[in-house]
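Only the coordinates and a few stated rules stand behind these numbers; no lab work does. Predicted model only: the values in this text are computed from it and were never measured.
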Amino acid sequence: MRRDIIGKNGSYAELHGGVQNNHDGSFTMFAMIQDNILFKHQYMGHTFEYARKHFKELVQKETDKYILGVEEWKIV
């Protein structure tokens, strides 16, 4: 299966978690790390194009902290 993000420790993430429009004009983007760890980030005052690029970078950094197959263990 093709993964959107591959972490340096073998973990992976899928970026198609969705986007939520919030009442204050902001929006929140979602991703799933290793199929069961929800990652989200809220953007306000940014374009969707900027947010999408920035979010991908954040998800990569977060995914790099996990080891494939280990849910509770996170590298700090």
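What list of ³J(HN,Hα) couplings, whole Hz, do you get for the range 11-17 from phi and the Karplus terms 6.51, -1.76, 1.60, once you set θ to phi - 60° and write x for glycine and proline?
Here the 3J(HN,Hα) series is 6, 8, 9, 10, 8, 7, x Hz.
Report, to the nearest 10°, how far helix 48-63 tilts away from the longest principal axis of the Cα atoms in the chain, using its own Cα long axis and a range of 0 to 90°.
Once rounded, the angle reads 20 degrees.
Need one number for the chain: average projected area of the convex hull over its C-alpha atoms, nm².
Details: hull surface 21.5 nm².
Approximately 5.4 nm², given one-decimal rounding.
For the chain, what is the mean residue ellipticity at 222 nm derived from helices alone (per DSSP H run of n ≥ 4: -39500 (n - 2.57); sum divided by total residues; nearest 500 deg cm²/dmol)? Numbers along the way, then the final one.
Working: 1 runs with 16 residues, N = 76.
Result for the chain: -7000 deg cm²/dmol, rounded to the nearest 500.
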